[in-house]
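Below is one structure, written out as structure tokens; the observations come after it.
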Amino acid sequence: MNDLLQVLPAVQEALSRGRPVVALESTIISHGMPYPRNVETALAVEQVVREGGATPATIAILNGKCCVGLDDAQLDFFGRGRNTWKVSLRDMPYVISKGLPGATTVAATMRIASMAGIRVFVTGGIGGVHRGAATTMDISADLTEMAHTSVAVVSAGVKSILDIGLTLEYLETQGIPVVTFGQDAFPSFYSAKSGFPSPLRMDTVEEIASLLLSKWKLGLDGSILIANPVPTAHEVPADEMEKHITQALAAANEKNITGKEVTPFLLKYLADHTGGESLEANIALIKHNAKLGAALAVAFSR
Ligand code: PSU
Ligand code: MN
């Protein structure tokens, strides 16, 4: 194994026995939710993965190593988020070489999961093509990473802070199959629908495991996006969310927020302005995704 990898013993054991493992990201903990709900959620999500018959591996960078699996103290450290870098691919070499603490995004988490031999990764929402990307060129490295790293990504779709239509176009261009679990509509994180149909629909994890196997046997490296709609009881009405998103985008524009700060700024704005409801939805859907991801990892390992 790569000497930059530091794998938690429980994760190492599962991997060496060919047991199912589910990777989890850390940016969602440090930059996506407030303390201490973020740490409670990270621990609860790991527990959901265990109950689903898989071993959780939360991924982050510490002391110059890519850590695959964090202990409770490390999760708490990232939850407090002080002086923690948001690390996408571009930031990995710097944070590793300087020995800085880094919370990994979807892109960086996938890359490290792949280095460790993990094939299934669960998150809340992925990065994508931003609204206005035609002039800003703001397209998340999550999408380019998904084009060539062979780790399946389970998410609740794409948050409508992004341009969902352009994100789906970009996924198509990059050869990334998009499958929605159990419905025809592509979900938009807080809402089960987005106004866009899902390119594919599957109703069982066995079908998704077989899709993954087919893709990789064809030599088509890269990810599959599995969109898992938020449970109905936790949906936030799309028109209510849209009002806040419009305001968040205007605030980002006014403050000249650019580059890697854009997504955390928008997420924080929404968290601050929509209060409890969106946070509860966020927590519920991540647990829901963890359950599906664990089932998929189990099916894939068979
Ligand atoms: N979208 C969400 N929640 C998140 C993120 C995105 O709905 O927590 C985080 C993820 O870590 C994702 C990253 O990988 O933001 C994307 O950042 P950027 O747009 O800068 O690539
Ligand atoms: Mn960006």
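The values are calculated or read from the model by the stated rules, or taken from the named source; none is laboratory data. Keep in mind that this is a model prediction, so the values were computed, not measured. In this analysis, Cβ positions are derived from the backbone assuming ideal geometry, glycine residues included, and neighbour counts consider all displayed protein chains.
Here is how the numbers come out for the structure above:
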read-out	value
Counted residues, the range 131-143 - those being β-branched (V, I, T) and within 11 Å of ligand 2 (Cβ to nearest atom)	2
Flag for T263 being in contact (Cβ under 8 Å) with a residue 60 or more places away in the chain, within 15 Å of ligand 2 (Cβ to nearest atom) and surrounded by 19 or more Cβ atoms within 10 Å (Cβ to Cβ)	yes
Count of residues meeting criterion [assigned to a loop (DSSP other than H, G, I, E, B) and under 13 Å from V298 (Cβ atoms)] in the range 28-61	3
Filtered residues of the range 216-233 (kept if free of Cβ contacts under 8 Å to residues at least 60 places away in the same chain and in a helix (DSSP H, G or I))	K217, T232, A233
T173 being of a type in the set (V, I, T), within 15 Å of ligand 1 (Cβ to nearest atom) and either within 20 Å of D221 (Cβ to Cβ) or within 11 Å of the chain's Cα centre (by Cα) (or both)	no
Residue in the range 240-256 that is without any contact (Cβ under 8 Å) to a residue 60 or more places away in the chain and outside any helix (DSSP H, G or I) present	yes
Whichever residue in the range 253-289 is of a type in the set (G, A, S) and away from ligand 1 (no atom under 12 Å from the Cβ) and, among such residues, is modelled with the highest pLDDT	A284
Residue match in the range 147-164 (condition: of a type in the set (V, I, T), within 16 Å of ligand 2 (Cβ to nearest atom) and not in a helix (DSSP H, G or I))	yes
The one condition in (1) of a type in the set (S, T, Y); (2) out of contact with any helix residue (DSSP H, G or I) (no Cβ under 7 Å at 6 or more places or on another chain); (3) closer than 21 Å to F121 by Cβ that S223 fails to fulfil	(2)
Residue match in the range 168-189 (condition: within 28 Å of A252 (Cα to Cα) and in a strand (DSSP E or B))	yes
Pair list, Cβ under 7 Å, 6 or more apart: the range 178-204 residue basic (K, R), other residue surrounded by fewer than 17 Cβ atoms within 10 Å (Cβ to Cβ)	R201/Q183; R201/D184
Residue that is nearest to K65 (Cα to Cα) [pool: residues in the range 104-130 that are more than 12 Å from the chain's Cα centre (by Cα) and within 12 Å of ligand 1 (Cβ to nearest atom)]	R111
Tally, over the range 257-272, of residues that are farther than 20 Å from A284 by Cβ and not in a loop (DSSP other than H, G, I, E, B)	9
